[in-house]
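Chemist: After the structure tokens below, expect a handful of questions from me.
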Amino acid sequence: MPIVTLPFVELVDRLGPVPDGVELDVWDVEGPYARPDDVAITLLPFYFAGRHRWEYVHDLPNLRLLQLPSAGYEHALPHAPAHAQVANGRGIHDDETAELAVGLALTSLREIHTFQADRAAGVWDVRTTRSLADRRVTVVGYGAIGAAIATRFEAMRCDVTVVARTARDQDGRHVHAFVDLPTLAADTDVLVLITPLTDETEHLVDADLLAALPDGALVVNVARGRVVDTDALVAELRRGRLSAALDVTDPEPLPAGHPLWTTPNTVLTPHVGGNTDLSVPRTLELVRRQVAALAEGRPFANVVHG
């Protein structure tokens, strides 16, 4: 009987009944699984690292699907066993990450973070801030989360431009190619990054692209830290020319003493874009679909490799 493993007993309890001929079990990948020949699907823990864990995954000879809870998958592809398909968490974190992207932009532009610092100091300081409405927003990355982000900024009455690896028309929008970014940057007030991390997108936002942004522009990164050249961004922040609102950094976690702890015009959150009370129910919803596909002999959803 094929086994589907989930990393926590609570997930097994909440997943509910599964089709006949499928068994659920708990496995946190912290040690070898007792019945490796029977595992067909494994959901990795939400925060997954460690060479020993990958060795245990490789010990599953009949693994058909390695299910990631994250939209990003660059961390898993180099380590995943060749005989298994890899699926990402597309659709799980769309709303969560889109909310945070807008929230980060509002926090920076409306200076909510500094008003909170005033509160802690007992200071009542009325001052004019910048509105998000009427801003020119460029969203770099146009997958499911990128589309959700674009829709929310449009609802905030922004002029939204979207960019991806290849140009196309999709969802009633014209999607520009990465090659257009230097030109688009000159007319961008808020640059939102949600592209996957690949060889092509690593340091996509480099010193030249940052320099092309107008004075006062805001960089919002909810993608991966290495999409941005951190040293170049720090230099612009220290000059006071740009602002940044970052949910991801390079390196990550941000070590003590790193310049981003103290740069001006900077808002930081600790990579929590997909970490809300929606994460578990939407992960389970995807796992239910994958289990049904296993039982019925249908293709798995969200396959990114294999």
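The values are calculated or read from the model by the stated rules, or taken from the named source; none is laboratory data. What you are looking at is a predicted structure, and each value in this text was computed from that prediction instead of being measured. Positions of Cβ are generated from backbone atoms using ideal geometry, with glycine treated the same way; all protein chains shown enter the neighbour counts. Areas reflect the complete protein model, heavy atoms only, side chains present, ligands, DNA and RNA absent. Shrake-Rupley method; radii C 1.70, N 1.55, O 1.52, S 1.80 Å.
Chemist: Under the condition of being open to solvent by less than 30 Å² (accessible area, probe 1.4 Å) and in a loop (DSSP other than H, G, I, E, B), which residue from segment 259-299 is farthest from L109 (Cα to Cα)? Lay out the reasoning, then the answer.
Modeler: Our first condition is that a residue be open to solvent by less than 30 Å² (accessible area, probe 1.4 Å); within segment 259-299, this holds for 260, 263, 266-267, 273-274, 279, 283-284, 286-287, 290-294.
Add one more test, that the residue is in a loop (DSSP other than H, G, I, E, B), and what stays is 263, 273-274.
On the way: T263: 16, G273: 19, G274: 22 Å.
Across segment 259-299, the extreme among qualifying residues is G274.
Chemist: Please go through segment 64-87 and give me each residue that is touching a helix residue (DSSP H, G or I) at 6+ places or on another chain (Cβ under 8 Å), without any contact (Cβ under 8 Å) to a residue 60 or more places away in the chain and open to solvent by 60 Å² or more (accessible area, probe 1.4 Å), ordered by number.
Modeler: Selection gives H79 alone.
Chemist: Quick one: in segment 5-31, of everything that is closer than 18 Å to P281 by Cα and in a loop (DSSP other than H, G, I, E, B), which residue is nearest to the chain's Cα centre (by Cα)?
Modeler: P7
Chemist: Only one of (1) part of a loop (DSSP other than H, G, I, E, B); (2) out of contact with any strand residue (DSSP E or B) (no Cβ under 7 Å at 6 or more places or on another chain); (3) surrounded by fewer than 17 Cβ atoms within 10 Å (Cβ to Cβ) fails for D118. Which number is that?
Modeler: (1)
Chemist: Can we say R90 is in contact with a strand residue (DSSP E or B) (Cβ under 9 Å, 6 or more places away or on another chain), open to solvent by 40 Å² or more (accessible area, probe 1.4 Å) and modelled with pLDDT of 95 or more? Walk me through how you get there before you give the answer.
Modeler: Numbers: in contact with a strand residue (DSSP E or B) (Cβ under 9 Å, 6 or more places away or on another chain): yes; open to solvent by 40 Å² or more (accessible area, probe 1.4 Å): yes; modelled with pLDDT of 95 or more: no.
Considered against the rule, which asks whether it is in contact with a strand residue (DSSP E or B) (Cβ under 9 Å, 6 or more places away or on another chain), open to solvent by 40 Å² or more (accessible area, probe 1.4 Å) and modelled with pLDDT of 95 or more, R90 comes out as no.
Chemist: Restricting to segment 202-228, name every residue that is free of Cβ contacts under 8 Å to residues at least 60 places away in the same chain, open to solvent by less than 10 Å² (accessible area, probe 1.4 Å) and part of a loop (DSSP other than H, G, I, E, B).
Modeler: Correct list: L213, A217.
Chemist: Residue by residue through segment 229-247, note down the ones that are open to solvent by 10 Å² or more (accessible area, probe 1.4 Å) and not in a helix (DSSP H, G or I).
Modeler: Answer for segment 229-247, where residues must be open to solvent by 10 Å² or more (accessible area, probe 1.4 Å) and not in a helix (DSSP H, G or I): D229, G240, R241, S243.
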